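The values are calculated or read from the model by the stated rules, or taken from the named source; none is laboratory data. Here the structure is a predicted model, which is why all the values come from computation and not from measurement. Neighbour counts are summed over all protein chains in view; Cβ atoms, including those assigned to glycine, are modelled from backbone coordinates with ideal geometry. The area values use the complete protein model at the heavy-atom level, side chains included, leaving out ligands, DNA and RNA. Shrake-Rupley method; radii C 1.70, N 1.55, O 1.52, S 1.80 Å.
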Amino acid sequence: MQEQELHDQLNKIRVNIKNNNLVEAKLLLDVIMADKTVSNNINFILEQGQYLLACQNFNESEKWLKKVLLVEKNNIYAIEGLIKISCALKNYNSVAEYMKMITENTIPNSEFIISDLINKLIEQLFEHKNRKNDIEETKKIIKILHFYSNFIKEKKIKNIVINEYEILEKKTILQSKPRMLIVSMTSRCNIKCEMCSIPYKHWDFPKNRIKEIFNLIPYLHTILWHGGEPFLCNEIDGLIVEAGKYNLKQIISTNGLLLNSERIKKIINSRVELNISIHGLTKQVYENIHHGAKFETLLSNLKTLKNIKEQNNIAMRYGLKFLVMKSNYKQLEYLYDFVNKYGFNHVYINTLGAETINSENFLYHFADNQILKKVLYMSNELSNKFKKNGIFYEAWLPAIENDSNLLNSQEKLETDINNDNVQEKHCCYIPWESLYIDVEGNIRNGCDCNNLIIGNINNENLENVWNNEKIIEIRKNIINNGFDKRCSEDCKNGRILKEYLKNPVN
């Protein structure tokens, strides 16, 4: 095989591996392998190793890539491949050695490669840190991340690295900034829902504090835009576009009635996860719950959004939120068809919480076990249907022990409250990771513990609140006692998943 022909073949192999066309890549590699005059070519050996890596044949890939380093000790692509293999095999000592090879040599593009690999390590950190027996693995990853944080230019990634190290060391005064911000932009809404507890007093996020959100955006992993109806805030469109520049995870919850073509395109271009609250799937039920809303307007906006998504071939996360109540639980039988018709790919259902004293609340204050049983069975059927069609489905409902034995709501609550499982210390990381600004300007720890108010945006800035005396006290109490005494009973009694309490941004 001539040199130019080999060069062309190797380029084709690289392209096929990159596009995951592994069958075609293998055929081309076999042709080169058969030619004894070129089968020892260093670039062929490199591509053979990269092909095996793409096939997740890590042990064989490692052998080929190590052959490359015997000839070219600073081959960046071989080193990068070996780091990926070491990550996959969870051999973090090898990860550290190979990353050291990159940083000790002047290698082009090494900064971008290190940043990508740190992203991978952070993903694995999330996998490890909730498991008690993985604490040593967590420490190894943190040690690597901490050392190489000096090579990270992206503020978001660097902030995550520093924050993880501070959590591990149980710091209470943080150098890192919040990684997640949940911000209510206004208490105003264009409709009034039957079960809504948003105060009637109108409140808007202070205009003189908007700059603080802009300043924080480069450091954030996730931002959730809430209301009221967030699209009633004049600044929301600009904030979404600005956050989109930093490729952070944005989630916006809306009733969908203020969507239009221009706004939908901004949302799509900024890679926003859009969640629409729809608690009725027919005109009568919808308008009886969403007072002042027009069902026809909602459907028109959903059609427009679906058309724009399809025209632009956009794979965005697009969720429907359905709050199950006494007046709408029978609508669950229409949910599957509605979701498919309008192109939702995520579905969340929940019930009214214990704090809502309302005749619609069939689970807590006006418990109706017959309704609960029907809801649980319908939810189980929906789960199976959505799973078959690749649609994510999450239902925050009392668990079904088995098909013939349903725990009713009161039994479930008593079981939770009397649970004797001992919570481990430092069980919640939310006060180390996030802030939540509610519809009155109160600042909390990014959680639903209503008593844990640490400031108010109307008269305090976010930077000062992040390390003020109140939040430091909460962090100390969680480290020493597992919880602060003002934490929600749902958290204390294990009704909130530990994964959520430890990884709210994951």
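Evaluated against (1) over 26 Å from the mean Cα position of the chain (by Cα); (2) free of Cβ contacts under 8 Å to residues at least 24 places away in the same chain, A367 falls short on exactly one condition, (2).
Each row is one residue, and each column tells you yes or no for (1) within 16 Å of T222 (Cβ to Cβ); (2) at pLDDT below 80; (3) more than 19 Å from the chain's Cα centre (by Cα); (4) part of a loop (DSSP other than H, G, I, E, B).
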position	(1), (2), (3), (4)
E127	no, yes, no, no
I135	no, yes, yes, no
H146	no, yes, yes, no
S149	no, yes, yes, no
K170	no, no, yes, yes
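Only one of the listed residues (A54, A88) is closer than 30 Å to I135 by Cα, of a type in the set (A, V, I, L, M, F, W, C), modelled with pLDDT of 90 or more and surrounded by fewer than 20 Cβ atoms within 10 Å (Cβ to Cβ). That residue is A54. The single condition among (1) in a loop (DSSP other than H, G, I, E, B); (2) within 30 Å of H128 (Cβ to Cβ) that V95 does not satisfy is (1). What do you reckon, is M195 surrounded by 22 or more Cβ atoms within 10 Å (Cβ to Cβ), of a type in the set (A, V, I, L, M) and over 26 Å from K153 (Cβ atoms)? So M195 does not fit the description; no.
Which one is surrounded by the most Cβ atoms within 10 Å (Cβ to Cβ) among residues in segment 241-266 that are under 17 Å from the mean Cα position of the chain (by Cα) and among the aliphatic types (A, V, I, L, M)? Out of the qualifying residues, it is A243.
Of the residues that sit in segment 293-326 and are modelled with pLDDT under 95 and open to solvent by 70 Å² or more (accessible area, probe 1.4 Å), which one is nearest to H346 (Cα to Cα)? Within segment 293-326, the match that is nearest to H346 (Cα to Cα) is R317. Which of the residues that make up segment 339-348 are of a type in the set (F, W, Y) and surrounded by fewer than 18 Cβ atoms within 10 Å (Cβ to Cβ)? Of everything in segment 339-348, just one residue is of a type in the set (F, W, Y) and surrounded by fewer than 18 Cβ atoms within 10 Å (Cβ to Cβ), namely Y348. When R271 is tested against (1) modelled with pLDDT under 95; (2) crowded, with 21+ Cβ neighbours inside 10 Å; (3) in contact with a helix residue (DSSP H, G or I) (Cβ under 8 Å, 6 or more places away or on another chain), only condition (2) is not met. Condition test on K73, is it outside any helix (DSSP H, G or I) and either open to solvent by 80 Å² or more (accessible area, probe 1.4 Å) or under 30 Å from F147 (Cα atoms) (or both)? Yes; evaluated as a whole, the condition is true for this residue. Counting the residues of segment 458-475 that are open to solvent by less than 40 Å² (accessible area, probe 1.4 Å) and under 25 Å from the mean Cα position of the chain (by Cα) gives 6.
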